[in-house]
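A.B. asks: Structure in structure tokens, see below.
The values are calculated or read from the model by the stated rules, or taken from the named source; none is laboratory data. Every value quoted in this text rests on a predicted model; they were computed, and no experiment measured them. Note: ideal-geometry Cβ built from the backbone for every residue, glycine included; neighbour counts use all protein chains shown. Each accessible area value is taken on the protein alone, full model and side chains, heavy atoms only, with ligands, DNA and RNA left out. Shrake-Rupley method; radii C 1.70, N 1.55, O 1.52, S 1.80 Å.
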Amino acid sequence: MATNAGTWVLITGASSGFGEEFAKQYAVQGHSLVLAARRLDRLQALAATLRQTYGVEVITEQVDLSDLAAVNGLHSNLRERGIAIEILINNAGHGLQGSFLDSSRQSILDMVQLDIASLTLMTRLFGDDMRKQGHGKILLVASLLAYFGVKDMAVYGAAKAYVLRLGEALHREFKRDGVTVTTLCPGISDTGFAQAAKQKITLGLKLLMMKPEPVVRVGIRALDAGRISVVPGFNNKAAVAMVWATPRWLHQALFARIMNG
């Protein structure tokens, strides 16, 4: 285990999926962890396992990150406790597959609130702290869908496109202050996210599906290397290359078939 005790990593959406895997991989490195999510029972169970297995310090924060007042409260609480976040993993997000006009107005706005507004505020609050410290790292978790709009996942894809463009801009802005910003754009992964988003698991998606471990490993390595963004997996990289190399009508139609069967 690397000796990183006292170097704090804040992971949002840490109760499952990528967030849980980020917690495990940073615990292996010996980092102290702040795990934030709504499901306190799952956070506490994960924290107990990480403390026992890796001997790291773990704090759990039950917080609804779609509530911007709660985001401000999380930031204030950590500052009052004297916890300076060195690495922020902006992982919390929500997706939903379905026709735009048939989706409820509230579900659409909830997605925008969590995937865009909350992530932006988290980045602003903790990015400012890192600038004052003179160092820090921020990983924004976007999606492969940031590169193209897909029928029946219009809002999710648009939200993740925002995350990718925000990360690309802030990579250069924050660099002058000693802060690294990297955007991770995973494709479909075996995290339970697809089921929660009521996403159809088509044959094409099964062939593209990755386990969370290598996705998270790629994200951490890219952040450590100071990269602007990264797409994990050969097939996902090929999909992005197709977006660059083909007319929009062609790849939009192809990916609509892959995503929707």
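A.B. asks: Just by accessible area at a 1.4 angstrom probe, what is the order of 153, 209 from largest to smallest?
C.D. replies: Sorted by accessible area, descending: 209, 153.
A.B. asks: Distance in nm between label sites at residue 224 and residue 103, each 7 Å beyond Cα in the beta-carbon direction?
C.D. replies: 3.6 nm
A.B. asks: Could you give the size of the charge dipole of region 1-149 about its Cα centre, using +1 on the Cβ of each K and R and -1 on the Cβ of each D and E, expressed in debye and rounded to the nearest 20?
C.D. replies: It works out to roughly 260 debye.
A.B. asks: Sticking with this one: In the chain, with Lys and Arg counted as +1 and Asp and Glu as -1 at Cβ, which of these residues, 251, 8, 140, has the Cα nearest the positive end of the dipole, that is, farthest along it?
C.D. replies: Of 251, 8, 140, it is 251.
A.B. asks: Taking Rg/Rh (Cα atoms, Kirkwood Rh) as the quantity of interest, determine which of [x] 0.96; [y] 0.93; [z] 1.00 was computed from the displayed structure.
C.D. replies: [x]
A.B. asks: Which angle between 0 and 90 degrees, to the nearest 10, do you get for helix 234-245 versus the longest principal axis of the chain when only C-alpha atoms count?
C.D. replies: On a 0 to 90 degree scale, this one is about 60.
A.B. asks: Keeping all protein chains in place and using 1.4 angstrom, which order do 80, 57, 21 fall into by accessible surface area, from largest down?
C.D. replies: On the way: 80 155, 57 105, 21 20 Å².
Ranked from most to least accessible, the order is 80, 57, 21.
A.B. asks: Continuing with this model, one more query. Quote the charge dipole size of the chain about the Cα centre in Debye, to the nearest 20; the model charges only the Cβ of Lys and Arg (+1) and of Asp and Glu (-1).
C.D. replies: Dipole size: approximately 660 debye.
A.B. asks: Heads up, I need the accessible area for residue 163: 1.4 angstrom probe, whole protein in place, Å², nearest 10.
C.D. replies: Here the residue's solvent-accessible area equals roughly 0 Å².
A.B. asks: Continuing with the same structure: So what's the angle, to the nearest 10 degrees on a 0 to 90 scale, between helix 212-225 and the longest Cα principal axis of the chain?
C.D. replies: Value to nearest ten degrees: 70.
A.B. asks: Quote to one decimal, in nm, the extra length available between residue 68 and residue 175 on full extension: 0.36 nm per residue of separation minus the C-alpha distance between them.
C.D. replies: Computed gain between residue 68 and residue 175 is 35.9 nm.
A.B. asks: Where does the chain land at 222 nm, in deg cm²/dmol rounded to the nearest 500, when only DSSP H runs of n ≥ 4 count, each adding -39500 (n - 2.57), divided by all residues?
C.D. replies: Helices in the chain give a 222 nm mean residue ellipticity of -16000 deg cm²/dmol.
A.B. asks: Can I ask one more? Using alpha-carbon pairs under 8 Å, 6+ residues apart, how would you state the relative contact order of the chain in percent?
C.D. replies: It rounds to 17 percent for the chain.
A.B. asks: Take the chain, connect every pair of alpha-carbon atoms lying under 10 Å apart with a spring to form a Gaussian network, then pick out the residue of 158, 238, 47 with the largest mean-square fluctuation.
C.D. replies: 238
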